[in-house]
Amino acid sequence: MKNIEGRYDALIAGTGAAGLCCALHLPRTARVLLITKDAADRSDSFLAQGGICMLRGEGDFAGYFEDTMRAGHYENDEAAVRQMIERSPAMIEELVGCGVRFARDEASNFRFTREGGHSRPRILFHGDETGKEITSHLLAEARARDNLTILEYTEILDVIVGPEGCCGGVLRDIPSGEVFPVYADATLLATGGVGGLFRHSTNYRHLTGDALGIALRRGIAVEHLDYVQIHPTTLYSAKPGRRFLISESVRGEGAVLLDKAGARFCNELMPRDIVTGDIRAQMRKDGTDHVWLDMRPVGERTLREHFPTIFARCRAEGYDPLQDPVPVVPAQHYFMGGVRVDLCGRTSMPRLFAAGETACNGVHGKNRLASNSLLESLIWAERAAQAMAGSDKLKTFPPIDAADYADVAALRAEDAKMIRDEAEREATID
C-alpha cells in the first residue's frame, strides 16, 4: 500500500467532478487526501456526454428556473435552484480558465445545444465527451498540486465519529485488504451514485452507494432515496454490463424516436421521466424490448463532429446511424436522492460534508433536468470547500478496530439492503 500520513486537513472520498472541484477550491496550504475506489478517472462525471448548463444572461433566468422546477415536478428547493443558476456563469469561466474547451462558433462565441425539458439552447458541450473534458482538466490540475494526494483503489468503509462529529474515515486498500484510519478536520463524501446496485445502468459498476450505506448506519440524514432517474435512450444490447448512453443532445439536434412500424410516438424533447414513460408504454404496446432512435435527421456532419463517440460506438455494435435507426432502451442513469445537505454541502453530522450525486440538496426535485448534474456537482463542491476551510483543528482521534470491517462483502450487502429498504419506505410514504 502507498505510504500516507494518518492526519489531513481534509479527506475527500471520490475523484469525480465534485471531489476534484472541492479539493481545488480548498486553500493551497491545506493538506488534502483524495481517495477513489477505482482509477481516478473512472467516475460517472467522466462519462457525462451531453454537456453543462449555463445561464445565458439575466433574460434567461426565469426560463432556466422554470425548466428546472418543471422537470423536478416542482419538488425542488427553490433556494438551491437559484444558487445553481446564478453561480453558473462564474463556474463556466473557472472551467475555461482551467483549460476546458467548450465548442465555439466561427466568431469564438460559445455554441449552445438543447436537450429535453429545456425551453431554449443553454448547454455548453465538448463533442459528446463533455464530462471527460471537464474532469480530465480538473484531475490534471489536482495532480499538479503539491498539497493534494490522490490514493487510487481505496474505498471508504465508514466515518470515524467522536465528540466533535466526523473525525475522518475508515479506509481500505483494495489490493491488499488493509483497513486503516485517516483523521481529518473535515471530510467530504462524493462517492457517486447507486448504479452498481441495478442490473441495467449507465453507471460504472463499482458505484454502489457507499456513502449512503455509511449514512444509514450512522444515522446521518438522507432524503428521497426513491428518486431514481431512468435515462430514456441507451443503446440496446443483449450483452451484460454497463449500458452505453446515447445523449439526449442527439434528440436536441433532431433525432426522433420510432415504434416498430417506423412511426414517431412521442415528443422527444420532454423531460426524461416523461420520455421514458412514453418509451415503456410503446414497448408494451408493440411487444418489444426496445424502440428505435433515428439519427439521420441530425445529418452526417453533426453526427461525426458533435457526437463522434456515439457514432463510433453504434458502428462498433453493427449499426450505421447514417443509414438506419438504432435500437434504444431506458436504463438507470442518475440518483436525485442522497445524503441530505444544505446550501453549503453540510450534512447532519458536524465536520461531514457531501456533494455530487452522493448528496441531496433539493436542486433537482423528483427528476433532474438534462445537463444540470455537472453544474450542480461543481457548485456544491465549491461551497463545501469554503465551509470545510473554516473547520477547527481536531482535538480528539478516536481509535478504530479493523476487525469490525473484516467482512467487506457482508458490509456492502447489508448497505445495499438498507438502501433498497429505505427507498421502498420513502416510496410508500410518497
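Laboratory data are not the source of any read-out in this text; all were calculated from the coordinates shown. Everything quoted here is computed from the prediction, not taken from an experiment. All Cβ positions, glycine included, derive from the backbone under ideal geometry; neighbour counts span all protein chains shown.
Altogether, the Stokes-Einstein calculation at 10 °C and 1.306 mPa s, with the Kirkwood radius of the chain over Cα pairs as Rh, returns a diffusion coefficient of 72 µm²/s. Close amide H pairs (under 5 Å, H built 1.01 Å from N) link Ile150 with Leu34, residues at least 5 positions away or on another chain.
Every Cα-Cα pair in segment 119-258 was counted, and those over 19 Å apart are 68% of them.
When the Cα atoms of segment 203-275 are enclosed in a convex hull and the volume is divided per residue, what value in Å³ results?
Details: hull volume 9.4 nm³, N = 73.
About 129 Å³ per residue, rounded to a whole number.
Tell me whether segment 1-105 comes out rounded, prolate or oblate; compute the Cα gyration tensor, take square roots of the eigenvalues as a ≥ b ≥ c, and use a/c under 1.5 as the rounded threshold. Since a/c reaches 1.5 and a/b is larger than b/c, the shape of segment 1-105 is classed as prolate. From the alpha carbon centroid of segment 185-235 to that of segment 117-157 is 18 Å.
Based on C-alpha pairs under 8 angstrom that are at least 6 apart in sequence, the chain has a relative contact order of 24 percent. Which residues in segment 151-181 have a backbone N closer than 19 Å to a point placed 7 Å from the Cα of Glu5 along the Cα-to-Cβ line? Taking a point 7 Å out along Cα→Cβ of Glu5, the residues of segment 151-181 whose backbone N falls under 19 Å are 151-152, 167-171, 180-181. Counting 0.36 nm for each residue step from Ser136 to Glu305 and taking away their Cα separation leaves a gain of 58.8 nm.
If you model segment 232-333 as an ellipsoid using its alpha carbon gyration tensor, with each semi-axis the square root of five times an eigenvalue, the axes come out at 20, 15, 13 Å, biggest first. Just to confirm the number: angle between the C-alpha axis of helix 78-97 and the first principal axis of the chain, 0 to 90 degrees, nearest 10? Taking Cα atoms only, the helix is inclined about 90 degrees.
On the principal axes of its alpha carbon atoms, segment 53-99 extends 36, 19, 15 Å, with the longest extent given first.
What's the ranking of 289-300, 7-18, 126-137, 53-64 by average number of surrounding C-beta atoms within 10 Å, highest first? If you can, show how the numbers build up before the last one.
On the way: 289-300: 18.2, 7-18: 28.1, 126-137: 21.4, 53-64: 16.0.
Top of the packing list down: 7-18, 126-137, 289-300, 53-64.
Rounded to the nearest 20, the size of the Cβ-charge dipole of segment 1-85 about its Cα centre is 540 debye, with Lys and Arg at +1 and Asp and Glu at -1. The gain in end-to-end length when the Ala261 to Arg296 segment is fully stretched comes to 10.9 nm, 0.36 nm per residue minus the alpha carbon separation. Each peptide in 407-418, 348-359, 183-194 receives the mean, over its residues, of other Cβ atoms within 10 Å, and ordering these scores from highest gives 183-194, 348-359, 407-418. Sorting the segments 171-177, 244-250, 78-84, 390-396 by their residues' average number of neighbouring beta-carbon atoms within 10 angstrom, most packed first, yields 244-250, 78-84, 171-177, 390-396. When both bridge partners sit in segment 1-139, DSSP labels roughly 50% of those beta bridges antiparallel. Of the beta bridges DSSP finds with both residues in the chain, what % are antiparallel, to the nearest 5? Approximately 65 percent, going by the DSSP bridge assignments. Shown is the FRET efficiency for Glu93 and Arg218, computed with R0 = 35 Å from the Cβ-Cβ distance and rounded to the nearest 0.05: 0.40. Using the Cβ-Cβ distance between Gln386 and Ala316 with R0 = 41 Å, the FRET efficiency computed as 1/(1 + (r/R0)^6) comes to roughly 0.40.
The average projected area of segment 203-245, computed from the convex hull of its Cα atoms over all directions, is 4.0 nm². Ordering Arg205, Arg199 from the fewest to the most neighbouring beta carbons within 10 Å gives Arg199, Arg205. The gain in end-to-end length when the Ser119 to Arg28 segment is fully stretched comes to 28.7 nm, 0.36 nm per residue minus the alpha carbon separation. Approximating the spin labels as points 7 Å out from Cα along Cα→Cβ, the Arg104-to-Glu424 distance works out to 5.4 nm. In a simple Cβ point-charge model (Lys, Arg +1; Asp, Glu -1; nothing else charged), segment 232-333 has a dipole of about 260 debye relative to its Cα centre. A dipole drawn for segment 332-402 from +1 and -1 charges on Cβ atoms has a positive end, and of Leu343, Asn367, Ala402 the residue lying farthest that way is Leu343.
Give me the dipole magnitude in Debye, nearest 20, for the chain about the Cα centre, with unit charges on the beta carbon: positive for Lys and Arg, negative for Asp and Glu.
Details: 51 positive and 62 negative charges, 95 e Å.
About 460 debye.
Taking only C-alpha pairs under 8 Å that are 6+ residues apart, what is the relative contact order of segment 16-133 in percent? Working shown, then result.
Numbers: 120 pairs, mean separation 41.0, N = 118.
The normalised contact order for segment 16-133 reaches 35 percent.
Scaling against 2.2 N^0.38 Å puts the C-alpha radius of gyration of segment 341-430 at 1.38.
Over the Cα atoms of segment 281-419, what is the Rg over Rh ratio if Rh follows Kirkwood?
Working: Rg = 22.5 Å, Rh = 19.8 Å.
Value, to two decimals: 1.13.
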